[in-house]
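The values are calculated or read from the model by the stated rules, or taken from the named source; none is laboratory data. Quick caveat: nothing in here was measured; it's all calculated off a predicted structure. Here the Cβ positions follow ideal geometry from the backbone for every residue, glycine too, while neighbour counts run over all protein chains shown.
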């Protein structure tokens, strides 16, 4: 299908990226035990390798249809083919060693990460086929997500580059190659996922913007960057009410900034400092499968309007929907679309 490209309206809705993978496709218990895989995790798939692509195609169609039926304006492929938001791209590169991963300890988790042992190179397009499949199966505007260079550098163990900034800039080069191919293949929005910007604000202040700008250099398609505090259903503890790194993004080339605001009850005053950007505002709490009422979500949207104009505000979930039940994810998207329509009508 070709995108219908409807006239832009205030409060267009979107998703951050992922949608729940069906239990017939993915073993959810194994996936959750992996937390967010950095290396290959083939054991999460319930379908035999010979039938896996067909099963992923079918599950992707279901994710697309659910977003359409819910009334979401800008959709993704649900990242159904991915074991995590980042490892599909991150493990495709040359210059990394996956056979003897480095074990990184985060709180009580032991997370295997790739070792970077040589120059990072991209053998060829990684997500272009995913984008083309999405484009062929919807007439909505479409977004494709890529792990950002700063986050990729934090999800690997450096044994080759002289320092961490050099590693991030090498990742920026290969991300830029992929982004150029995705733009040429017809993406309406290319989003970089950069949750690690807030986890290491010192390094982010030194070279985070430089890496993002290099990753998006020459891209004329609409671009976005997503920041969050982690999947709500996995990390459901109290979250900070402010980002350690956010206002600095006013100086980057990105068009849209996606932030988590529902679960952490974020102080939205900071949005005034991002006046040149469109804000993708997380108004759907993903720490629970309980579906919020339309009125609750509408109130969260209204809370942002004193700080950002309606034509620069895009309501969305806080983060990816991956760890929710399919019923809850669909219900939350339906409520999100209805809340946006309600507030849009109030604007006159």
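Of the residues making up the stretch 81-102, those that are farther than 30 Å from residue 58 by Cβ and surrounded by 11 or more Cβ atoms within 10 Å (Cβ to Cβ) are 94, 95, 96, 97, 101, 102. Checked against the criteria, residue 55 does not count as within 14 Å of residue 323 (Cβ to Cβ) and surrounded by fewer than 23 Cβ atoms within 10 Å (Cβ to Cβ).
Each residue in the stretch 301-319 was checked for being surrounded by 23 or more Cβ atoms within 10 Å (Cβ to Cβ) and either modelled with pLDDT under 95 or over 19 Å from residue 335 (Cβ atoms) (or both), and 2 of them qualify.
Please verify whether the stretch 335-343 includes one or more residues that are over 24 Å from residue 32 (Cβ atoms) and without any contact (Cβ under 8 Å) to a residue 24 or more places away in the chain. No, the stretch 335-343 contains no residue that is over 24 Å from residue 32 (Cβ atoms) and without any contact (Cβ under 8 Å) to a residue 24 or more places away in the chain.
Only a single criterion out of (1) surrounded by fewer than 20 Cβ atoms within 10 Å (Cβ to Cβ); (2) within 25 Å of residue 260 (Cβ to Cβ); (3) out of contact with any strand residue (DSSP E or B) (no Cβ under 6 Å at 6 or more places or on another chain) is not satisfied by residue 209, namely (1). Regarding the stretch 174-196, can at least one residue be identified that is farther than 25 Å from residue 60 by Cα and in a strand (DSSP E or B)? Checked against the condition, which is being farther than 25 Å from residue 60 by Cα and in a strand (DSSP E or B), the stretch 174-196 yields no hits at all. Across the stretch 154-177, the qualifying residues are those that are closer than 22 Å to residue 76 by Cβ and out of contact with any helix residue (DSSP H, G or I) (no Cβ under 7 Å at 6 or more places or on another chain), and the one among them that is surrounded by the fewest Cβ atoms within 10 Å (Cβ to Cβ) is 177. Filtering the stretch 119-156 to residues that are farther than 19 Å from residue 84 by Cα and assigned to a strand (DSSP E or B) leaves 119, 120, 121, 141, 142.
Among residues of the stretch 253-264 that are touching a residue at least 24 places away in the same chain (Cβ under 8 Å), those with a beta-carbon under 7 Å from a residue that is surrounded by fewer than 21 Cβ atoms within 10 Å (Cβ to Cβ) and not in a loop (DSSP other than H, G, I, E, B) at least six positions away or on a different chain give the pairs 253/213; 255/222; 255/278; 256/222; 256/278; 257/274; 261/268.
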